[in-house]
1. Residue check: is Phe373 surrounded by 16 or more Cβ atoms within 10 Å (Cβ to Cβ) and assigned to a strand (DSSP E or B)?
2. Could you give every pair whose Cβ atoms fall below 9 Å, whose first residue belongs to region 268-282 and is outside the structural domain of Phe243 (by TED's automatic domain parsing), and whose second residue is assigned to a strand (DSSP E or B), counting only separations of at least 6 or pairs across chains?
3. Output the number of residues of region 207-231 satisfying the condition of being of a type in the set (Val, Ile, Thr) and under 22 Å from Asn308 (Cα atoms).
4. Can you tell me which residue in region 163-186 is surrounded by the fewest Cβ atoms within 10 Å (Cβ to Cβ), limited to those that are more than 25 Å from Tyr314 (Cα to Cα) and touching a Leu at 6+ places or on another chain (Cβ under 8 Å)?
5. Restricting to region 594-635, what's the tally of residues that are part of a loop (DSSP other than H, G, I, E, B) and either surrounded by fewer than 16 Cβ atoms within 10 Å (Cβ to Cβ) or touching a strand residue (DSSP E or B) at 6+ places or on another chain (Cβ under 9 Å) (or both)?
6. Can you name the number of the only condition in (1) part of a loop (DSSP other than H, G, I, E, B); (2) buried (at least 19 other Cβ atoms within 10 Å of the Cβ) that Asn339 fails?
7. Can you name every residue in region 395-414 that is touching a residue at least 40 places away in the same chain (Cβ under 8 Å) and surrounded by fewer than 17 Cβ atoms within 10 Å (Cβ to Cβ)?
8. So Asn442 ticks every box in (1) surrounded by fewer than 22 Cβ atoms within 10 Å (Cβ to Cβ); (2) in contact with a Phe, Trp or Tyr (Cβ under 6 Å, 6 or more places away or on another chain); (3) among the polar types (S, T, N, Q) but one. Which box is left unticked?
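The values are calculated or read from the model by the stated rules, or taken from the named source; none is laboratory data. In this text the structure is predicted, and so the values were computed from the model without any measurement. Cβ: placed from backbone, ideal geometry, glycine included. Neighbour counts: every protein chain shown.
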Amino acid sequence: MSLEELEKQLYSARQGQNKEIGKGEKNTSKIGQQEQTIQTFPSWREEDTKEFGVEGQKKNKFKKLFFVGGTIIIFLSILVGGAFFFIRYFSTPKDVSIELYSPSDISRGVPFEVTVQLTNEINNFLEDAKVILTLTPGIISLEGVDGTNRNMLIDTVGNIGGGSLTKRTFKLLSVGDINSVQKITAELSYRTGGKALFTVKNSKDISITSPAISLSIKKPEQIIAGSKFDLEVNYENTSSFDFSDVVLEAKYPASFIFDSASIPPSSLNNYWRLGELKSGSKGSIQIKGTLNNLNQEPSNIPFSISANFGEKNYPIDEQLTSLSISPPPISVEIVPNGNSDYVAKMGDEITYVINYRNDSGIALADVVLKTQFVGELFDFTSLRTNGAFNSLTNTVTWTASNIPALRLLEPGASGQAEVRVKLNPYYQIKRPSDKNFVLRANTEIDSPSVPYYISAEKTSTVAVKEIKVMGVTSVDAQALYRDPGAGIVNAGTFPPKVNRPTQFSIHWILKNYLTDVKNVEVKASLGPGVRWVGSVKSNIESNPTYNERTQEVIWNIDKISATRGILSDPVEAIFKVELTPNVTEIGQYKNILGRTTLTATDDFTGVDMTSYDNSLSTNLTDDKTVRAEEGRVVQ
């Protein structure tokens, strides 16, 4: 029995005694003129006080303190438990961490590894754990990517046990600028039994200090326009990494003429596949060429060295070589058909005039002038010149025996030589690559006399002239009455009769070779008394259309590739027209379609081109089922 229950029983007993005795204290008060007596009894707490005295009061206070303290303790327990529950399920545990380990400095182009360490010091599993590695543009991944985003990696770790340590290693490549600072950020995401997703992250800075393979270029102090010179390209692997596939590339300006190299290029004249380059090894390539830059503007040649990783080249070092050009001691100019911008056509005759002048400041003795013609379209059987022609090398040479002034060319003296040569009217196309033809004339003039300011064995100048050859696009317009090959049946009678309609099928056949052409338009007008019927079809996406107001048939084509109609079927369209002759045309061939005109733009030369075919009449020269006189109009 509790203390409180005991006190209540004692109080009840005393109340019973008071009732039996009938005693009680009286309180008397006056209300108006009356007296009222109220009998009261002490409360059980007052009785306790009276009976127990001061000791009772102390016990009563203790009971109050005990009650309040217990309530506070219970409230605090609930509060602490709730806080623990919130921290347990809705906040990130402080004992899950992620660390990165990698070099702080790296050479550009060197692969390296970064290790991500995951630490779980809590007792619970980390569920659905993933590591997301984010890289700034100067660092890329060499593995675990889809080929489109090499600056982010997602590694699914799965579950990580409590109290465990997990490591993940990633292979990366430094491709950023020299002296740049790149950042790697690693983020760990996970769950701990609930739906909430937690993340922790860390990052590390990496400096790209130097190229792993260094390039250096040696060039002459003075380069004479039109004279040959040497460039020396040196490379060295200064890193501790052994490269397995190294590539060197040069990007020549249009004015540079490649002559030779100490190591033959792997492709074209500017690409060297050097292969393996071990740590500390070095190499060198000498390139000989000419700058045909007659305006003496500086020319730049960028060089780059790269390494191949995963079938892709990544630049390691670049060097830009700027070449200052001095005026050539002998100036040479090649002018074809009197026009420096001349564009040739098949069957043309070209007159090459080679102008030269001695600007060296000294007299040049025993001058030799040579021009070599390079191109598949030349008809060398037609070549005419006063020089000596070598048909093995297709080279014309002039010396003092041909031009006496070349025996001693005084300072400031000039002269010219001339060659005439025709182009073939037709070229046999054999493969799809037979297109975009260029005619080249390589001219060199030299003398053993050398001015004091040139460090060379002879004074020489080289000039090159290239001529583009435009393509050929033909249109063949045909009119047929009987057209079984196209599956077309034309209504009406033939020979055509007065006031009776007769149908004809019109074929437009296009052939193209040497170059691609674009913006093609084929156009012709219908003759008097001729009506558009339609029944259009073609072997490409576009079809001819008819303008009733102008009576024109128009066919627009975006592009026709070279060799179409030569190595493959020609482009063709068919449409039907209907002719009704009148009485004034009896005995005559009736005009069906006016002259067909084709216009296009040559995609290689940029030149607008035009071709034609004759008008069509009821003579039907292309219909083999019709006799010569059968096409005249009859009554």
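1. On the way: surrounded by 16 or more Cβ atoms within 10 Å (Cβ to Cβ): yes; assigned to a strand (DSSP E or B): yes.
Yes: the conditions hold for Phe373.
2. From residues that are outside the structural domain of Phe243 (by TED's automatic domain parsing), there are no pairs.
3. Step one: filter region 207-231 for residues of a type in the set (Val, Ile, Thr), giving 208-209, 213, 217, 223-224.
From the residues that got through so far, the ones that are under 22 Å from Asn308 (Cα atoms) too are 208-209, 213.
Counting residues in region 207-231 that are of a type in the set (Val, Ile, Thr) and under 22 Å from Asn308 (Cα atoms) gives 3.
4. Of all residues in region 163-186, those more than 25 Å from Tyr314 (Cα to Cα) come to 163-168.
When the remaining residues are screened for being touching a Leu at 6+ places or on another chain (Cβ under 8 Å), the result is 165-168.
Numbers: Leu165: 13, Thr166: 18, Lys167: 10, Arg168: 17.
Of everything passing the filter in region 163-186, Lys167 is surrounded by the fewest Cβ atoms within 10 Å (Cβ to Cβ).
5. Kept after step one, since they are part of a loop (DSSP other than H, G, I, E, B), are these residues of region 594-635: 594-595, 603-607, 614-615, 618-631, 635.
Those still in the list that are either surrounded by fewer than 16 Cβ atoms within 10 Å (Cβ to Cβ) or touching a strand residue (DSSP E or B) at 6+ places or on another chain (Cβ under 9 Å) (or both) too: 594-595, 603-607, 614-615, 618-629, 631, 635.
The total comes to 23.
6. (2)
7. Of all residues in region 395-414, those touching a residue at least 40 places away in the same chain (Cβ under 8 Å) come to 406-414.
Once the filter is applied, which keeps residues that are touching a residue at least 40 places away in the same chain (Cβ under 8 Å) and surrounded by fewer than 17 Cβ atoms within 10 Å (Cβ to Cβ), region 395-414 yields Arg407, Leu408, Glu410, Pro411, Gly412, Ala413, Ser414.
8. (2)
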